[in-house]
Amino acid sequence: MLLWVDLANPPDMHQMTGRRFNFCLSLILLCITSILQSSCSSSTNRIYTSMDLAGLPCEPEKQFFYPVEFDKLGNLLYEEQWSSLAGRLESDYDLRDIHVVVHGWDKTPQTAERDYQDFICRFYEQGVREQWAYGQEWATTKNSVIVGIFWPSTVLPNYEDLFLIKPLTYFAIRGRADDLQKTALQKSFNIIAQIAAHRDLKSRMRLHLIGHSFGGRMIVKGLRTLMDDDPKMALKLFNSFRLVNIVLLLPALPARDIEDILSVRRRYIDVRKPTESAIEHRYSSKVIGIVSAVNIYNIYSRNDWANGYLFPMGELASGDRMECAIGNCGLPMAQDARVTESGEVTLEEEKPWEWHYAKIWNVDATNVISSHGDIYKGRVARLLWKLLRWPLQDRRIMNMFPPLPSPGPALE
């Protein structure tokens, strides 16, 4: 193609600038239209969902991982997922632990599946290696279930957000997470509490709530919402389990929301020591159930750039006070513990860490976690296993709820 230029009549520069502007504007509009079209088409025809998941490579013949997926409005997408989980919880009286895991920001069902497989298999293998440490009835993975909550944490349902637009998508996903804690998590808490409440005291289980990034934010705010809107159900949730662990893994949560965390402990930790009247009634079906401890662990890393830099910018742009998230800076009012490079937990140099009844812990994992997404590794899985199982070494808890054979049907 030949380009003819009339040197005697050069083109008007203003006209050329206007054409360039129109061309750029058209290109931008074309990109926006393409994104909107792909968003609309993918929302009506979901490419990959939690129903497409492959079995965990570490999962034995007996299923222990149960995915549960919600849409952005908090609706349960597949009823059979909860039905399968409920059937297991209601019929298996050998169960000892329920782990509810909520993933974080920028996860599609496919990437969440990969991350769940990676992390859960490492966690499972850690349990297999240490299942005899505290006695099989207390630490084995055979008597555990893991519930993986899937929620739409990207702008487009089937695509991860581009790195350059993450500061912009932050607002949409943070708002979605705050909405879903009022819907999806409330449904989850209610179903789990209703099922667990039908067990008699001898067959009570332990509940572990684990959230990464926005997942930790959803758990904290979801518990606060439950306590404010339905305190009876909140009491049932906590009192239906013999032990409750809340693990916030690099949570995207500001320190000013510490009151949300403290209120969980303040309202639902039994002020009596486990050695008092609870033991006298441990075999009585008349006792509603006494939660032996509520432990809150904030696992943070000063290498977490997303919580240290991106989170404050997002807060400032949202009109909130600019501060780093507790996933980077820790909780100022909590007891500090530190993770060594080998993955051991200590209070201070050369002093072993001891679990304390009803405490909120800052667990500094800077030596182990190098970034916001650097949690899919053996030392982090080992850390999580040790935190969740540490109270089982406490003889007060062991004596309060000794391991017992299957009691049969629940007592009313």
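Using the count of nearby Cβ atoms within 10 Å as a rough guide to exposure, how do F171, F150, F64 rank from fewest to most?
So the ranking, lowest neighbour count to highest, is F171, F64, F150.
Which distance in Å, rounded to a whole number, links the C-alpha centroids of region 296-318 and region 83-133?
So the two Cα centres are separated by 26 Å.
Using a simple spin-label model with points 7 Å from Cα along the Cα→Cβ vector, what separation in nm is obtained for D92 and S370?
Here the modelled spin labels are 3.6 nm apart.
Whole-Hz Karplus ³J(HN,Hα) for region 318-328, in order, using 6.51 cos²θ - 1.76 cosθ + 1.60 and θ = phi - 60°, x for Gly and Pro?
7, x, 8, 5, 7, 7, 7, 7, 5, x, 10
Please list, in order along region 233-244, the HN-Hα scalar couplings obtained from phi with the Karplus expression 6.51 cos²θ - 1.76 cosθ + 1.60 (θ = phi - 60°), rounded to whole Hz, x for Gly and Pro.
Residue by residue, region 233-244 yields 5, 4, 5, 5, 4, 6, 7, 8, 10, 7, 8, 10 Hz.
Considering only Cα-Cα distances, which of the following residue pairs are longer than 26 Å: K232/K386; K187/K386; K202/K377; K72/K359; K62/K202; K142/K202?
K232/K386; K187/K386; K202/K377; K72/K359
Testing the spin-label approximation: label points 7 Å from Cα along Cα→Cβ at M313 and S83. State their distance in nm.
Distance between the two pseudo-spin positions: 4.7 nm.
Kindly state, to the nearest 0.05, the FRET efficiency for Q63 paired with D228, given R0 = 30 Å and r defined as their beta-carbon distance.
It comes to 0.30.
Read the figures in this text as sums done on the coordinates, not as results from a lab. Since we're looking at a predicted model, the values are computed, not measured. Neighbour counts are summed over all protein chains in view; Cβ atoms, including those assigned to glycine, are modelled from backbone coordinates with ideal geometry.
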